[in-house]
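The values are calculated or read from the model by the stated rules, or taken from the named source; none is laboratory data. Quick caveat, the model's predicted, so the values are computed rather than measured. Neighbour counts are summed over all protein chains in view; Cβ atoms, including those assigned to glycine, are modelled from backbone coordinates with ideal geometry.
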Amino acid sequence: MSEETKPATQVAKKNPGHRFHEGHPRFGGKKKNTAATARAMASELGCDPLEFMMKIINADTIEQTVIVDGKKKRVEVAIPLDTRLDAAKTVVNYLYPRLTAQQVSGPADRPIETVTFDITKLLQDPVAVEAAQKLALMMAAQDTAQAPARICGPADESCARPAYDPSEVLRDHNGHYLPK
């Protein structure tokens, strides 16, 4: 691939804290429109590298040109599994976004505040202790009122689920499921 190189630009003025002298040439940096140039070349040649790699992933063999006794000949060649895997690793980056770690933080990117509760003051007040005991007894009574969970086997008809009815599924205008 041939690229036209531009001459280095000159540093216009001298900064007091800058380590280069005035007139020093600048090199490096991002070359402009390299992706656009590559797309234009692929279009000019009539090829699409992504499409080619997808064909390699999907096929077991590929047609190649070989030269036998000075003559070109088209032969079908097996594509090795490692080549197909390499193509798949490259293509997957174009089809699916990479997952990134999410940092959990509080407001304004500060750490999450935790609250601790000191029950020693609660235990020193007899009225508060009695209220806490009543609350605990009421919560325990509610838990025993509910039937315990049962483990059902495939032959147990008492645990059978109702048949699935697709007309009961609610969806929005985009086809997403809605909560019941």
Restricting the range 34-64 to residues that are not in a helix (DSSP H, G or I) and not acidic (Asp, Glu), the residue that is farthest from residue 79 (Cα to Cα): 46
Sole exception among (1) of a type in the set (S, T, N, Q); (2) modelled with pLDDT of 85 or more; (3) farther than 24 Å from residue 92 by Cβ for residue 58, by number: (3)
Selection within the range 45-102 - under 25 Å from residue 35 (Cα atoms), among the small types (Gly, Ala, Ser) and in contact with a Ser or Thr (Cβ under 8 Å, 6 or more places away or on another chain): none
Residue match in the range 85-95 (condition: in contact with a strand residue (DSSP E or B) (Cβ under 9 Å, 6 or more places away or on another chain), among the hydrophobic types (A, V, I, L, M, F, W, C), on the phi < 0 side of the Ramachandran plot and assigned to a helix (DSSP H, G or I)): no
Unmet requirement for residue 122, which otherwise passes all of (1) closer than 18 Å to residue 50 by Cα; (2) surrounded by 10 or more Cβ atoms within 10 Å (Cβ to Cβ); (3) not β-branched (Val, Ile, Thr): (1)
Criterion (at pLDDT below 85 and either within 30 Å of residue 58 (Cα to Cα) or not in a loop (DSSP other than H, G, I, E, B) (or both)) met by exactly one of 163, 101, 108: 108
Long-range neighbours under 9 Å by Cβ, at least six apart or interchain, first residue more than 11 Å from residue 50 (Cα to Cα) within the range 76-99, second polar (S, T, N, Q) and outside any helix (DSSP H, G or I): 76/61; 76/64; 77/61; 77/64; 78/61; 79/61
